[in-house]
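Enquirer: Okay, here's the structure, questions in a sec.
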Amino acid sequence: MSWSFLSFTFVLNSILLGVGLAMDAFSVSMANGLNEPQMSKRKHLGIAGTFAFFQIAMPLIGWICVHTIVELFSSFQKFIPWIALLLLLYIGGSMLKEGIQNRAVPPEEITHKPLKIKTLFVQGIATAIDALSVGFTIADYNAAAAVTASLIIGLVTFIICIAGLLIGRKFGVKLAGKAAILGGVILIGIGLEIWIRGVFF
């Protein structure tokens, strides 16, 4: 791709790509907000920033793989939906189990487990791993254009995830004890959606 990577078409394509890639991260952010309605603004920024980081990193890793080990990368692609499914089933299942255990507990006595950094990183990888395939989409970009496109994707992801967290928090306060159950179901649903999309389409 020529040095016109700041053209309107380039930016628009990158934004649309970012919106598409960020939908899973948006849903997971909403689930996190549901599960932790008292989350601080600083943590909002940290969670959205983590998702944005992985959405920046994965397309770039994919781009590098396309330009170096394309055959090996193509073989690995078939495992991507399975990895995302297993990671999100584990996290969603844990959240669902916690929500079911708290069903009999009065709303005012429920203590929400704060999101751990380890769990957040697993979520970030699970929701961004399919963005590795974007390496093929931007394969004809030069290095500067690939980095710029990835940064735009990351910025879009950050904004969308902030919105997801705010929406989740709002409904998390209202749903009280049912929030963890809904959050777990959302995560499991996302895992299944990624798997079905990757295996059958």
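The values are calculated or read from the model by the stated rules, or taken from the named source; none is laboratory data. Everything quoted here is computed from the prediction, not taken from an experiment. Note: ideal-geometry Cβ built from the backbone for every residue, glycine included; neighbour counts use all protein chains shown. When the accessible area is computed, the model is the full protein with side chains, heavy atoms only, and any ligands, DNA or RNA have been set aside. Shrake-Rupley method; radii C 1.70, N 1.55, O 1.52, S 1.80 Å.
Enquirer: For the range 98-133, how many residues are at pLDDT 85 or above and outside any helix (DSSP H, G or I)?
Expert: 1
Enquirer: Here are some conditions: (1) of a type in the set (S, T, Y); (2) modelled with pLDDT under 80; (3) surrounded by 13 or more Cβ atoms within 10 Å (Cβ to Cβ). S75 meets all but one. Which one does it not meet?
Expert: Result: S75 fails condition (3) only.
Enquirer: Give the number of residues within the range 134-145 that are part of a helix (DSSP H, G or I) and open to solvent by 40 Å² or more (accessible area, probe 1.4 Å). It would help to see each step written out before you state the result.
Expert: Just the residues of the range 134-145 that are part of a helix (DSSP H, G or I), to begin with: 134-137, 143-145.
Imposing the further condition that a residue be open to solvent by 40 Å² or more (accessible area, probe 1.4 Å) reduces the set to 136-137, 143.
Final tally of qualifying residues: 3.
Enquirer: Something else now. Give just the number: which of (1) surrounded by fewer than 16 Cβ atoms within 10 Å (Cβ to Cβ); (2) at pLDDT 80 or above; (3) more than 14 Å from N32 (Cβ to Cβ) does T148 not satisfy?
Expert: (1)
Enquirer: A further question on this structure: Of the residues V70, V11, only one is open to solvent by less than 50 Å² (accessible area, probe 1.4 Å) and either farther than 21 Å from I186 by Cβ or within 21 Å of the chain's Cα centre (by Cα) (or both); which?
Expert: V11
Enquirer: Please give the helices (runs of 4 or more DSSP H) falling wholly within the range 1-83 in which 3 or more residues are out of contact with any Ser or Thr (no Cβ under 6 Å at 6 or more places or on another chain) and closer than 30 Å to L182 by Cβ. Spell out the reasoning first.
Expert: Details: elements: 8-35, 41-66, 70-77.
Helices (runs of 4 or more DSSP H) meeting the threshold: 8-35, 41-66.
Enquirer: Separate question: Return the residues of the range 33-58 that are out of contact with any Gly (no Cβ under 6 Å at 6 or more places or on another chain), within 17 Å of I125 (Cα to Cα) and open to solvent by less than 10 Å² (accessible area, probe 1.4 Å); say none if nothing qualifies. Working first, answer last.
Expert: Step one: filter the range 33-58 for residues out of contact with any Gly (no Cβ under 6 Å at 6 or more places or on another chain), giving 36, 38-49, 53, 57-58.
Then drop every residue that is not within 17 Å of I125 (Cα to Cα), which leaves 46-49, 53, 57-58.
Correct list: I47, A48.
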